[in-house]
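One structure is given below, encoded as structure tokens.
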Amino acid sequence: MEVRARAPGKIILSGEHAVVHGSAAVAASIDLYTEVSLKISTDSEGSDGLLKLHLKDLGLQFSWPTEKIKEALPGPCIPLPPPTCSLESMKSLASLVEDQNIPEANFGLATGVSTFLWLYTSVHGFKPATAVVTSSLPLGAGLGSSAAFCVAVSASLLALSDLVNLDQNKKGWQSFQENELELVNKWAFEGEKMIHGKPSGIDNTVSTFGNMIMFKSGQLTLIKPSMPLKMLITNTKVGRNTKALVASVSERTMRHPEAMASVFTAVDSISKELSTIVQSPAPDDLTVTENEDKLQELMEMNQGLLQSMGVSHTTIETVLRTTLKYKLASKLTVYFSRALESTRLKSTIDSLTNGSVLAGTIVDKVIAELESCGFQCLIAEIGGKGVEVSFSSSS
């Protein structure tokens, strides 16, 4: 039996940066996925005794003799709760990964490879297997690629275990039960901790459960949107020092405590109002349009507040000028992943692309102009399903 698991990326709609200072943030899943295909070998299949990992999009393949892994790692721990990787195991994993001679240009993937090894052996021990990973999510672009990877890996591993109850004869994609999703999320969070150290848990939770999430002071609240939304996402690929930017907001807060407190309070209000709007009933097209207009205004206000925090960038203004030229209502925001800053344009474009050739042409022109600046443009629906799995018989 072979299983495929796909997990969506995420996008933050409001509250970035301010969430660190106690404001609410709203994040949503996007229909760009990381997919993991997993086949565990059986004795009858004449296994080669290897655990294989193929990162297909990058053209990278890794393999380890299972006997060598057995000498280095403790092995399965189920049905116990997901383990936190010990310092000793981290050193052993580093040695196993180092033996693979990962190209210097891709060395940032080492923690992800280590995470795969740890999650796999924690669930399935030292059985030979082959995992193939593909993704439509750009790496390190603030769209939750590492969380989607951890969720997809965890889902595929658990789907072939006795810890969940799935119909392996069912055709097509299927979802986990609620309690099973909680288990997937716990395992994925352990993976995220290996990659990021102290993640908030937002990314893996959105990728696991889908829909939207409001996050404030460590508390996550699931949100189910009542209206479909589609976004144009523009990645400017601008590299910046994330820690320095976060520190600069804190320093500005120390210099102007009362003013910045008002900024954070405003962001908090925006996130809460946005959450209310996306959950409110939308029985007709007029209501949907009114709600979209309100969301656009809230996003534009959030962008203004980001500028007041000092985290804007000249490329943001380039994207803004482009969209304004075509009268495309938009919201810009800034996402961070470790050492990379990626600027995003988010624009509600359902009304522009459905049933209107002229409007569709406008969107095409906007994308063409942004891409001519070296930016990457993606169109994604937000607030959809979370992780899903599909089974197939392998020969």
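The values are calculated or read from the model by the stated rules, or taken from the named source; none is laboratory data. The structure displayed is predicted, hence computed values, not measured ones. Only protein heavy atoms, including side chains, enter the accessible area calculation; ligands, DNA and RNA are left aside. Shrake-Rupley method; radii C 1.70, N 1.55, O 1.52, S 1.80 Å.
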Exercise. Quick one: helix 285-309 against the long Cα principal axis of the chain, what's the angle to the nearest 10°, folded into 0 to 90?
Worked result: 90
For this session: Report ³J(HN,Hα) in whole Hz for each residue of region 168-177, in order, from the Karplus equation J = 6.51 cos²θ - 1.76 cosθ + 1.60 where θ = phi - 60°; Gly and Pro get x.
Result: 6, 9, 6, 8, x, 6, 9, 9, 7, 6
For this session: Roll a 1.4 angstrom probe over the protein heavy atoms and tell me the percent of accessible area of the chain that is carbon or sulfur.
Result: 52
For this session: Please build a GNM for the chain, connecting alpha carbons under 10 Å apart, and tell me which residue among Cys150, Cys85, Cys373 fluctuates the most.
Result: Cys373
Exercise. Helix 257-279 sits at what angle to the longest principal axis of the chain, using alpha carbons and giving 0 to 90 degrees rounded to 10?
Worked result: 70
Exercise. Solvent-accessible area per residue for the chain at a 1.4 Å probe radius, Å²?
Worked result: 45
Exercise. Cα centroids of region 223-300 and region 93-160: how far apart, whole angstrom?
Worked result: 31
For this session: Report the antiparallel proportion of the DSSP beta bridges in the chain as a percent, rounded to a multiple of 5.
Result: 90
Exercise. Residues with amide H under 5 Å of Leu13's amide H, sequence separation 5 or more or different chain, H placed in the peptide plane at 1.01 Å from N; which?
Worked result: Val26, Ala27, Ala28
Exercise. Candidates (1) 28.4; (2) 20.7; (3) 21.9; which is the computed mean projected area of the Cα convex hull in nm²?
Worked result: (2)
For this session: Would you mind checking Lys186/Lys272; Lys10/Lys56; Lys52/Lys127; Lys10/Lys193; Lys230/Lys294; Lys325/Lys365 for any pair whose Cα atoms are more than 19 angstrom apart?
Result: Lys186/Lys272; Lys10/Lys56
Problem set entry | Segment Glu71-Ser393, length gained on full extension (0.36 nm per residue, minus Cα span) | 112.7 nm
